[in-house]
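Take a look at the structure below.
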Amino acid sequence: MLRFAVKFFALVWLLCFCGYCPPIQAQTKACETLIEKANSIYSSNPDSSFAISQQALQCATANNDSLQLANALAQIGRYQLLKSNLHESETSLNKALTIFNRFNEKKGIAYVYKLKAILQGRLHNNKGAIEFAEQAVALYEETKSEDGIIASLLNLTNYYLDEKDTNKLRITFERLEQLLKNKPPNNQYYYYQNKSKYWMLLQRYSLADKMLRVAYTIASNENMIDSKATITMIRGRNYRYMNKLPESEKILLESETICKANQLNHELVETYTELVETYKQMGNYKAALTYFDTLTKINNSIINLEKVNEIAQLEKKLLETEKQKEIDFEKEKTSAALGKNKKLLTSLLLITILLVISVYLFIRTRKLKNNIHEKSVLIEQKAAELASRQKEIVDSINYAKKIQYALLANRQFIAEHLKDNFIFFKPKAIVSGDFYWAASVNAINENGTAQELFYLAVCDSTGHGVPGAFMSLLSIGFLSEAVNEKHLQKPNEIFDYVRQRIISSMSAEDQKDGFDGVLICVNKISGELTYAAANNQPVLIENNELTELGADKMPVGLGERKEHFTLRHINAKPGSMLYLYTDGFADQFGGPKGKKFKYKQLNELLIKHHIKPLNEQQNSLSETFENWKGDLEQVDDVCVIGIKI
């Protein structure tokens, strides 16, 4: 048995001496696994990511693995930067950079430069931030790391925004649009976030709002906690720029809650800065002063002159010592060569020492593997719980879809009253804020004459997804109530009634909930066609000429105007085409330049295909929409209904 042990450990020693040692390789793989895990959960759970990074640091230190040590330090520096511990972050990043430089590990150097750019931005040193970010881009290009290029270019757009350099922003965003095709949502998020700031810089606040909503959806779906806080704050800023101050205050308070719950001091400073400005515009100077005092205290705890100077000295010291470290590295290599010759002369002694070391490493490796396995099992359990919760939510939304579709007008019912029609309906999410509604009633008019009336509405509720769907269900209920219970006959009177019901039910705090839309009424006996329109205009194509019919510039809900809706008449020849649509098709971004489709192009499409059979018109709309959207995300619900008179 003793002879076998001696032979075994002699073999272990020979393998180690020749450059291959299974226990050490296992340790290296364990360190890599920890770092990969820390990086993968950083956005959703930064505190757990930090804890795993510390385990990776201990693993790399015990294994004397310099590169994994540098990777762990970089991850720790990233977390410290998130928590606004700027001095500690600079120290960790400088240690990592020293090791990466020693091994000429260009991807590691680029990663640290990218984080240093963010740190300099937090210190309001925009010039330094741009220099580090541009160096990161150059190194990532040299190593052909596309994800690194994207991340560094996105950082650069932040600094160009601070410089208000619209030319560089335009060029950088065009390059990012090409690079981000087919990339995962978490990469797409930062593009939408920074592009929204670009539109805000150009005072294109509506475009910014579209981008912000997409970014908020991604941050929520991907559980990107700090990004969700940031995008919520930016949405509050955009509302302030639009002078929608109550909306700005509400959403900024949401951002404050997220920041406090996750100890995001930097994001909290940005949120308080926006709250101060919002309250100043509202004339609420007491609240503005309160938040300003809090903001000052937090800001002083993050950045003060002493810390800024200390970080600058660290940068200077790092540059001064790089050459000396290269000299030391050469000495280490020379010393290692001498040590190898010495080992050849004292192999018997080393075998004895390695026996002890091998046993120690074996025991330590087994223990570490067990710990990692336990952590992995726990993480898998948590992941399974999250997946189960997500499935419950999705199942609930799918059930809500069934309810909503049951309340939408039955297409067969519409076809019974309007023989020639098509419906192109494409929600952005599982449920929709757009809806179409229909009803048929037998009534007596003011002159006592019997008449059969058919109603069809195409509407766009406030919001989309689940909030929009709830609004649409409420609006469908009020429309049915107006016709079936209140026995209102004229479309304008029906809209007046629904508006009053929405305001009394939903707008107690001046929330502008409601919908834009068109409600037409067909008198099946006389053939008379009347309608009421809220913001959305019906389109009539007759003799190859398109006419945008009139509409009242106010919503069915709380708005600036409060007069009654207008009853309008449509005098159309048989064979003419009437189209009712919401804004989703025209507002979709896409095409070769990522721009909106726009109403002009939509109307030209309708003229081009209006003489075709109705099913072909519907197919043309669907194909055009998908081709235009391409790989971009759908920005809103889409509904287009065509009726042949």
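The values are calculated or read from the model by the stated rules, or taken from the named source; none is laboratory data. None of the values given here were measured: they were computed from a predicted structure. For neighbour counting, all protein chains shown are included, and Cβ atoms are generated from backbone atoms with ideal geometry for every residue, glycine included. When the accessible area is computed, the model is the full protein with side chains, heavy atoms only, and any ligands, DNA or RNA have been set aside. Shrake-Rupley method; radii C 1.70, N 1.55, O 1.52, S 1.80 Å.
So which residues in segment 168-188 are in a loop (DSSP other than H, G, I, E, B) and surrounded by fewer than 15 Cβ atoms within 10 Å (Cβ to Cβ), if there are any at all? Full working, then the answer.
Taking segment 168-188 first, the residues in a loop (DSSP other than H, G, I, E, B) are 180-184.
The answer is Lys181, Asn182, Pro184.
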Unique residue being at pLDDT below 95 and surrounded by 14 or more Cβ atoms within 10 Å (Cβ to Cβ) when the list is Lys593, Lys629, Lys573: Lys629
Would you call Ala219 crowded, with 22+ Cβ neighbours inside 10 Å, touching a residue at least 12 places away in the same chain (Cβ under 8 Å) and in contact with a Cys (Cβ under 7 Å, 6 or more places away or on another chain)? no
I'm trying to understand the selection: among the residues of segment 563-610, which are touching a Leu at 6+ places or on another chain (Cβ under 7 Å) and among the aromatic types (Phe, Trp, Tyr)? Tyr579, Phe585, Phe589
State whether the residues of segment 304-327 include one that is over 23 Å from Glu90 (Cα atoms), assigned to a helix (DSSP H, G or I) and at pLDDT below 85. yes
Pairs under 8 Å by beta carbon, first residue closer than 15 Å to Leu180 by Cα in segment 136-149, partner of a type in the set (Val, Ile, Thr), six or more apart or different chains? Ile149/Val137
Applying the selection to segment 41-75, what residues are among the charged types (D, E, K, R) and not in a helix (DSSP H, G or I)? Asp65
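Looking only at segment 277-290, which residues are surrounded by fewer than 22 Cβ atoms within 10 Å (Cβ to Cβ) and out of contact with any Pro (no Cβ under 9 Å at 6 or more places or on another chain)?
Result: Glu277, Lys280, Gln281, Gly283, Asn284, Tyr285, Lys286, Ala287, Ala288, Leu289, Thr290.
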How about segment 414-461: which of its residues are at pLDDT 90 or above, in a loop (DSSP other than H, G, I, E, B) and within 23 Å of Thr624 (Cα to Cα)? Asp420, Pro427
For segment 441-464, which positions are among the hydroxyl-bearing types (Ser, Thr, Tyr), in contact (Cβ under 8 Å) with a residue 40 or more places away in the chain and either over 16 Å from Ile476 (Cα atoms) or open to solvent by less than 50 Å² (accessible area, probe 1.4 Å) (or both)? Tyr455, Ser461
Looking only at segment 144-167, and only at residues there that are among the aliphatic types (A, V, I, L, M) and over 14 Å from Asn187 (Cα atoms), the one that is surrounded by the fewest Cβ atoms within 10 Å (Cβ to Cβ): Leu161
Suppose we filter Thr257, Thr230 for residues that are of a type in the set (S, T, N, Q), surrounded by 20 or more Cβ atoms within 10 Å (Cβ to Cβ) and either within 22 Å of the chain's Cα centre (by Cα) or at pLDDT 95 or above (or both); which single one remains? Thr230
